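Colleague: Below are the C-alpha cells for one structure; questions will follow.
The values are calculated or read from the model by the stated rules, or taken from the named source; none is laboratory data. All values reported here derive from a predicted model rather than from experimental measurement. Cβ atoms come from the backbone with ideal geometry, glycine included; neighbour counts cover every protein chain shown. SASA here: full protein model, heavy atoms, side chains in, ligands and nucleic acids out. Shrake-Rupley method; radii C 1.70, N 1.55, O 1.52, S 1.80 Å.
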Amino acid sequence: MADFTFDPADALGSDWEQATFVGRLDAGDGPTPILVKHGRAYDMSRVAPTVADLIESGSFDPAAGRDLGPLADLGLVVTGDGPRLLSPIDLQCVKAAGVTFAVSALERVIEERARGDADAAAGVRARLEQRIGGSIRSVVPGSPEAAALKAALIEDDMWSQYLEVAIGPDAEVFTKAPCLSTVGWGAEIGIRSDSTWNNPEPEVVLLVDSRGKIVGAALGNDVNLRDFEGRSALLLGKAKDNNASCSLHAFVRLFDGHFTLDDIRDAVVSLRIEGPEGYALEGASSMREISRDPEALVTQTMSQHQYPDGFVLFTGTMFAPTQDRDDPGRGFTHKVGDTVRIATPRLGYLINRVTTSADAAPWTFGLGALMRNLAGRGLL
C-alpha cells in the first residue's frame, strides 16, 4: 500500500500553528508521546512515558520536553523509513456513544427491522419515515415529550431498542476497541471479510482524563457492520470490534483559550469516500444536530465507573448512507480499496484506506509489549 503524505499544514486544520496537540511517534525505539505547540514538536517521554500519563499530569509545557524541531520538518510517515505516525492514544479506554443523531437512530431501527438485509431496508425505511417523520428530531431525550412519543410508538407496535437509547433517559455507551488497538492517520482500516453491508462512521472523539474532564478532541472513524448489528443488537461486539476497525487522527487537539468545547458543538464533520471503481460519496454531520450534548455523553460514560487512565469517547454520527452503490435499493457498502476522508476545519482531516480485517496489519503490540518496551528504554 502506498503511503498517504502527511502535511501538517493540510492535515491538522486551518489554525494548526496556533494550536496545541498531543500524539505518538515511533522513531525506531518505540512509541513516544509528543507535544506539538506553535508548529514545533517536543518529545515528552521523560516527562511521562505514555500519552495517558501525560494527560493525567497536565504538564503541557514544551520546555519540559526535548525539542524535535518543526513538525513539518520531521518527515513523518505512515509506513517505511522515518518517524512513524501512530494512533495518538495508548492506555485510554476506547468508548463510543451510539444513536446520538435522529437520522442514525432511524437507520439503526431500519437495520433491526430488516434483520440486517440491505434488500429489505428500503421498504422498512419508507414505512418508518411515514409513521415518525421528523418528530424524533425535536424530542429531547428523557423528556416528557420523549415519553409520550415512546408510548405512542409502543401502541403502534413501532418501538425499538434503538429508539430507547435515542430518546430515552439513558444513552448507549459501549466499548469500541481494546487499549492500543486503534489505528492512526493513513493506516488501513478493516471490515470483516464476511460482511456485505457496512459503512464508515465519521465522528468527533473526545479525550477525557480520569476525573471526567474533557481535555481535547480529534477525528475518528467508528467503522460499523450494518448487517451484523441489524441481525441482532447482541452482535454489537462483532459489528464494532474487529482488527483495524477503529481509526483516530494522528493528533488530539487540546482545549485552550483558542479552542474549546463550544468549537466542537459547532463543528460540521464532512466525509468523502472514493472507490477504486470511480465511485464517490459525500456526506456531513453537524454537531448542532446531536441529541445529547457532548458533556452529557461524558457524564453518562463516567456514571458509576472509574477510568484511571482516562478514556476517549466517540460521540456518534448522523451519517448513515442510503445512496445506492451497485444494485438499486441496496444502499451503500464498502469495497476493498475505498479511501475514506473525514474532515472539519479546526481538527484537520483523517484519511484511511479500506481493507478486510483479515488482511489488515495484525495487532501485535499490546500492553505487555508496551510495558517491556518502556522498561527497556528506562522510562519506567
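Colleague: Please indicate, with yes or no, whether at least one residue in the range 98-117 is buried (at least 24 other Cβ atoms within 10 Å of the Cβ) and in a loop (DSSP other than H, G, I, E, B).
Modeller: Yes.
Colleague: Whether any residue in the range 92-99 is closer than 23 Å to Asn221 by Cβ and without any contact (Cβ under 8 Å) to a residue 40 or more places away in the chain is what I want to check.
Modeller: no
Colleague: Moving on to the next point. Got at least one residue in the range 331-345 being in a loop (DSSP other than H, G, I, E, B), out of contact with any strand residue (DSSP E or B) (no Cβ under 9 Å at 6 or more places or on another chain) and open to solvent by less than 30 Å² (accessible area, probe 1.4 Å)?
Modeller: Scanning the range 331-345, I find no residue that is in a loop (DSSP other than H, G, I, E, B), out of contact with any strand residue (DSSP E or B) (no Cβ under 9 Å at 6 or more places or on another chain) and open to solvent by less than 30 Å² (accessible area, probe 1.4 Å), so the answer is no.
Colleague: Go through Glu282, Glu289 for me and flag whichever is over 24 Å from Ala244 (Cα atoms), among the acidic types (Asp, Glu) and modelled with pLDDT under 95.
Modeller: Residue meeting the stated conditions: Glu289.
Colleague: Filter the range 143-160 for residues that are open to solvent by less than 90 Å² (accessible area, probe 1.4 Å) and under 24 Å from Leu234 (Cα atoms) and give the result.
Modeller: Initially, the range 143-160 is screened for residues open to solvent by less than 90 Å² (accessible area, probe 1.4 Å), giving 143, 146-153, 156, 158-160.
The answer is Lys150, Leu153, Met158, Trp159, Ser160.
Colleague: Further question on the same structure: Give me the helices (runs of 4 or more DSSP H) completely within the range 176-295, filtered to those with at least 2 residues that are touching a Pro at 6+ places or on another chain (Cβ under 8 Å), ordered by residue number.
Modeller: Per the criteria, 261-265.
Colleague: Say whether the condition of being open to solvent by 20 Å² or more (accessible area, probe 1.4 Å) and among the β-branched types (Val, Ile, Thr) is met by at least one residue in the range 304-318. Lay out the reasoning, then the answer.
Modeller: Initial filter on the range 304-318 (open to solvent by 20 Å² or more (accessible area, probe 1.4 Å)): 304-306, 308-309, 318.
Now narrow it down to the ones that are among the β-branched types (Val, Ile, Thr): none.
Among the residues of the range 304-318, not one is open to solvent by 20 Å² or more (accessible area, probe 1.4 Å) and among the β-branched types (Val, Ile, Thr), which makes the answer no.
Colleague: Could you please find all residues in the range 208-222 being out of contact with any Leu (no Cβ under 9 Å at 6 or more places or on another chain) and either surrounded by fewer than 19 Cβ atoms within 10 Å (Cβ to Cβ) or at positive phi (or both)?
Modeller: Ser210, Arg211, Gly212, Lys213
Colleague: In the range 1-56, which residue that is among the polar types (S, T, N, Q) and either touching a Phe, Trp or Tyr at 6+ places or on another chain (Cβ under 7 Å) or touching a residue at least 24 places away in the same chain (Cβ under 8 Å) (or both) is farthest from Val77 (Cα to Cα)?
Modeller: Gln18
Colleague: Here's a follow-up. Within the range 63-73, is there a residue that is under 24 Å from Thr260 (Cβ atoms), within 21 Å of the chain's Cα centre (by Cα) and modelled with pLDDT of 95 or more?
Modeller: no
Colleague: Within the range 198-211, does at least one residue satisfy the condition of being touching a Lys or Arg at 6+ places or on another chain (Cβ under 8 Å) and at pLDDT below 95?
Modeller: Yes, the conditions are met somewhere in the range 198-211.
Colleague: Working only within the range 192-250, note down all residues that are touching a helix residue (DSSP H, G or I) at 6+ places or on another chain (Cβ under 9 Å), farther than 18 Å from Ser87 by Cα and among the aliphatic types (A, V, I, L, M).
Modeller: Hits for the range 192-250 are Ile214, Leu225, Ala233, Leu235, Leu236, Ala239.
Colleague: Could I ask something else about it? Go through the residues of the range 166-173 one by one and say whether even a single one is under 29 Å from Gly23 (Cβ atoms), modelled with pLDDT of 80 or more and open to solvent by 50 Å² or more (accessible area, probe 1.4 Å).
Modeller: Within the range 166-173 (the criterion being under 29 Å from Gly23 (Cβ atoms), modelled with pLDDT of 80 or more and open to solvent by 50 Å² or more (accessible area, probe 1.4 Å)), the answer is no, since none of the residues qualifies.
Colleague: Please go through the range 59-90 and give me each residue that is open to solvent by 30 Å² or more (accessible area, probe 1.4 Å) and either closer than 12 Å to Ala41 by Cβ or in contact with a helix residue (DSSP H, G or I) (Cβ under 9 Å, 6 or more places away or on another chain) (or both), ordered by number.
Modeller: Phe60, Arg66, Asp67, Leu68, Pro70, Ala72, Asp73, Leu74, Gly75, Pro83
Colleague: Counting just the residues of the range 262-286 that are buried (at least 16 other Cβ atoms within 10 Å of the Cβ) and over 30 Å from Thr356 (Cα atoms), which one comes out farthest from the chain's Cα centre (by Cα)? Talk me through it step by step, then tell me what you get.
Modeller: At the first step, the residues of the range 262-286 found to be buried (at least 16 other Cβ atoms within 10 Å of the Cβ) are 263-264, 267, 269-275, 281, 283, 285.
In the following step, the residues that additionally are over 30 Å from Thr356 (Cα atoms) were identified as 263-264, 267.
On the way: Asp263: 17, Ile264: 14, Ala267: 15 Å.
So the residue we want is Asp263.
Colleague: Any residue at all in the range 293-300 that is closer than 26 Å to Gly186 by Cβ, charged (D, E, K, R) and in contact (Cβ under 8 Å) with a residue 60 or more places away in the chain?
Modeller: no
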